[in-house]
1. Would you tally the residues in segment 154-191 being modelled with pLDDT of 60 or more, open to solvent by less than 80 Å² (accessible area, probe 1.4 Å) and farther than 29 Å from Arg303 by Cβ?
2. For segment 208-230, which positions are in a helix (DSSP H, G or I), surrounded by 15 or more Cβ atoms within 10 Å (Cβ to Cβ) and touching a residue at least 24 places away in the same chain (Cβ under 8 Å)?
3. Please enumerate the residues belonging to segment 1-30 that are assigned to a loop (DSSP other than H, G, I, E, B), farther than 30 Å from Ala268 by Cα and either charged (D, E, K, R) or at pLDDT below 90 (or both).
4. Checking the structure you have, find out if any residue of segment 344-361 is on the phi > 0 side of the Ramachandran plot and outside any helix (DSSP H, G or I).
5. Assess whether Asp264 counts as being of a type in the set (Asp, Glu) and at pLDDT below 95.
6. Tell me whether segment 353-367 contains one or more residues that are closer than 16 Å to Ala247 by Cβ, of a type outside the set (Gly, Ala, Ser) and within 28 Å of the chain's Cα centre (by Cα).
7. Mind telling me which of the residues Leu334, Leu328, Leu275 ends up being aliphatic (A, V, I, L, M), under 29 Å from Thr45 (Cβ atoms) and open to solvent by 30 Å² or more (accessible area, probe 1.4 Å)?
8. Tally time: how many residues in segment 337-388 are open to solvent by 30 Å² or more (accessible area, probe 1.4 Å) and aromatic (Phe, Trp, Tyr)?
Amino acid sequence: MAVDVKVPSVGESVKEGMIHRWHVKDGDYVARDQVLVELETDKATVEVVAETAGAITLSRKQGDTVAVGEVIAKIDTAAAKPAGGAPAAQISQTSSPQVPLPPTPATSLPQSPAVRRIVAETGIDPSKVEGTGRGGRLTKGDVLAQGSAPSAPSAPPAPSAPRATGTGTRTERREPMSMMRRRIAERLIQSQSTAAILTTFNEIDMTAVLALRAQYKDSFKEKYGVSLGFMSFFVKAAIEGLKSFPAINGWIEGNEIVYHDFYDIGVAVSSDRGLVVPVVRDADQLSFAESEAAIGNYGKRARDGKITIDELTGGTFTVSNGGVFGSLMSTPILNPPQSGILGMHKIQERPVVVNSQIVIRPMMYVALSYDHRIVDGREAVQFLVKVKECVEDPTRILLGV
């Protein structure tokens with residue numbers, strides 16, 4: 001009997017995806033629950049596993065765009081298992097590996113190509129790594145946590161034929177845009193064409209936050225199991241600003257303004273496939289430790305491609321930290337249909353005037369991009385001043401003043 005392998009439904013708004021990578025080859029014998037293929041949608045990457053054991057016949061190739069419900073392969077359950085006694089999960093590896101992959105360890109849980117690639121590069125023994133993925137599977141983050149390993153590109157494109165010039169050989173290449181990159185491009189154009197975007201700036205003296213972190217970072221980590229970072233301070237400060245200026249927490253729908261009396265804060269996270277913005281729900285009700293845990297978990301899962309569609313939808317405001325990449329100042333772009341986004345930047349020691357004295361302080365430029373259709377310049381500036389006050393004096397966050 002032949003069992004169809006179909007593109008699963010991963011959300012109401014997702015109608016199609018792209019075959020990012022087959023983990024098996026045509027004709028391979030696959031085991032039940034073995035990962036067959038990675039499907040990339042415009043928001044997340046989804047693994048499709050075998051519902052039954054048998055010989056697989058592929059009907060679509062890597063890079064194809066496929067619709068939800070479409071049959072992309074068939075599994076012949078009547079096919080005989082290859083002789084030799086090797087577990088079915090070891091019969092096949094990725095269809096087009098770019099780095100030599102080691103044999104899969106003796107385990108019933110299959111490994112993704114990214115995990116096998118890092119194992120090959122680092123020599124880490126996967127049997128000694130505890131898996132945190134679905135069903136105990138190893139994730140890319142689990143292996144990277146055991147040692148420093150550079151991220152290899154998942155499928156480097158082959159260069160085109162070289163062109164000889166007087167100064168040497170030059171090459172160029174073409175590669176298809178991923179579904180996520182296409183979606184990012186569409187939303188950027190949508191944001192710029194449907195909103196009147198302006199940006200206002202301020203700077204924050206980070207002395208108090210740095211001192212607070214230095215004083216309590218060890219006890220905080222010991223008690224809660226997470227590090228005390230900067231994001232939770234800015235998320236909390238942004239919420240205080242949104243409470244004072246609710247238009248920045250709303251958006252336009254038709255001829256109406258939708259005001260939200262809750263605070264679902266999107267936190268921009270960079271991944272190998274592009275920028276994603278998972279949403280911390282009801283962030284105003286979370287403690288600093290709960291905020292740090294949620295943000296850290298999203299960051300790890302985004303890098304592993306494990307973020308779900310639901311976790312990427314519904315935010316009312318966004319915080320983005322370009323400072324982790326060294327950005328000193330930028331103008332963040334709105335995440336539609338939201339009306340505001342707060343941009344954090346690199347902390348840099350600079351001379352500033354305090355009480356008529358020139359002193360050196362750790363300073364950060366912050367930026368608020370906003371939709372001028374519903375947010376006035378006065379509100380935007382005062383919002384950013386509120387954020388500045390809360391971060392420079394964190395007791396304001398605790399007291400709500």
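1. Count: 1.
2. The answer is Ala208, Val209, Leu212, Phe220, Tyr224.
3. Met1, Lys25, Asp26, Gly27, Asp28
4. yes
5. no
6. No, there is no match, as no residue in segment 353-367 is closer than 16 Å to Ala247 by Cβ, of a type outside the set (Gly, Ala, Ser) and within 28 Å of the chain's Cα centre (by Cα).
7. Just a single option satisfies the conditions, and that option is Leu275.
8. The qualifying residues number 1.
The values are calculated or read from the model by the stated rules, or taken from the named source; none is laboratory data. Keep in mind the model is a prediction, meaning the values are calculated, not measured. Every residue, glycine among them, receives a Cβ derived from its backbone with ideal geometry; neighbour counts consider all protein chains shown. In case anyone asks, the SASA skips ligands and DNA or RNA and just uses the protein heavy atoms, side chains included. Shrake-Rupley method; radii C 1.70, N 1.55, O 1.52, S 1.80 Å.
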